[in-house]
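One structure below.
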Amino acid sequence: AHLATTWTGADFFGNFLLDSFPLEMIPGDAETRIGAPGKPYRHEVGYRDLLGLPQPWMPGHARIRHLTVYSDFAQNPFKESRYRQLRDRLSRRLGGQVSRPGVFLARGDDGVPRRLVNEAALCETLAARGFEIVVPSRAEPEEISRKIMGARIVIAVEGSHLSHAIYSMADNGAFLVIQPPDRFAMPYKEFADRMGMRFGFVVAEPADGGFAADTDEILAMVDRLS
């Protein structure tokens, strides 16, 4: 049997798509994949259907003679090949990539609150430039993926919802991440480097009720990443 899960993916949706899904592809088709309980993710079933990844068996009790456990967290050519297989599956399922300027992924009310107080004004500016505004917490995986498919730039506050883009954005796309002023994380920089994509970020400023991003700075970064 093969333990086809990651502890990070069991706790964070972003790592679930970034790490658990490609790990599940390592065992051969004839092998027994075993999962482990984790947080319930509302988008899991939809993405499994789109990507052709059935849920691993989750036994309550089991006696296992031989168990294979994988260490698959780091980015490497083998993991890249599995990312590309999943991207190809999704592209074929949805009819191929259609080039579009970009998308803004709103964090919505899922997960730990990270409130971009000037989000509405930023979305209005980006929409005027042809960007699609996507709120994953209010949509299903197929709708989300169709709206992101082929996007050349993906903009979002740092967080797990950025993973909605990893299998659908353009092959040569770019991430533009808005970093909150009180935290810093770069998991999508590692993914972008591995996949030959570009990556940029801006750091937001503290504001009443959350934080604010400089719209002019974001537009300047969009121009640099385009």
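Taken together, the values in this text are just the output of simple stated rules run on the coordinates, not laboratory data. If you're wondering where the values come from, they're calculated on a predicted model, not measured in any experiment. Virtual Cβ from ideal backbone geometry, glycine too; neighbours counted across all protein chains shown.
In whole angstrom, and with the biggest value first, how far do the Cα coordinates of region 100-225 range along each principal axis?
Each principal axis gives a Cα extent; for region 100-225 these are 37, 29, 28 Å.
Looking at region 45-103, which trypsin sites (Lys or Arg not before Pro) are in a loop (DSSP not H, G, I, E or B) and have at most 13 other Cβ atoms within 10 Å?
Arg63, Arg65
Of Met149, Met169, Met25, which is the most mobile in a GNM of the chain whose springs link Cα atoms less than 10 angstrom apart?
Met25
Can you give the charge dipole size of region 2-93 about its Cα centre, rounded to the nearest 20 debye, using +1 on the beta carbon of Lys and Arg and -1 on the beta carbon of Asp and Glu?
160 debye
Test of understanding: express the Cα radius of gyration of the chain as a ratio to 2.2 N^0.38 Å, with N the residue count.
Ratio of Cα Rg to 2.2 N^0.38 Å: 1.04.
What percent do you get for the relative contact order of region 2-93 when only Cα pairs under 8 Å and 6+ apart count?
34 percent
List Lys39, Lys147, Lys189 from most exposed to least, where exposure is judged by having the fewest other Cβ atoms within 10 Å.
Ascending number of Cβ neighbours within 10 Å: Lys39, Lys189, Lys147.
Just for region 100-225, what percent of DSSP beta bridges are antiparallel, to the closest 5?
Counting only bridges with both partners in region 100-225, antiparallel ones make up about 15 percent.
In region 83-153, what GluC sites (Glu not before Pro) fall in a loop by DSSP, with at most 14 other Cβ atoms inside 10 Å?
For GluC sites (Glu not before Pro) across region 83-153 that sit outside H, G, I, E and B with at most 14 neighbouring Cβ atoms in 10 Å, the list is empty.
When the chain is fully extended, how far beyond the present Cα-Cα distance does Arg93 get from Val45, taking 0.36 nm per residue of separation?
Gain on extension, Arg93 to Val45, equals 15.7 nm.
Quick one: of the DSSP bridges fully inside the chain, what percent are antiparallel, nearest 5?
Antiparallel bridges: around 10 percent, rounded to the nearest 5.
Which aspartates and glutamates does Lys79 reach when only Cα atoms under 20 Å apart count, and residues fewer than 8 places away in its own chain are ignored?
Asp19, Glu24, Asp29, Glu31, Asp88, Asp171, Glu190, Asp193
Before rounding to the nearest 500, sum -39500 (n - 2.57) across all DSSP H runs of length at least 4 in the chain and divide by the residue total; then give [θ] at 222 nm in deg cm²/dmol.
Value at 222 nm, helices only, nearest 500: -8500 deg cm²/dmol.
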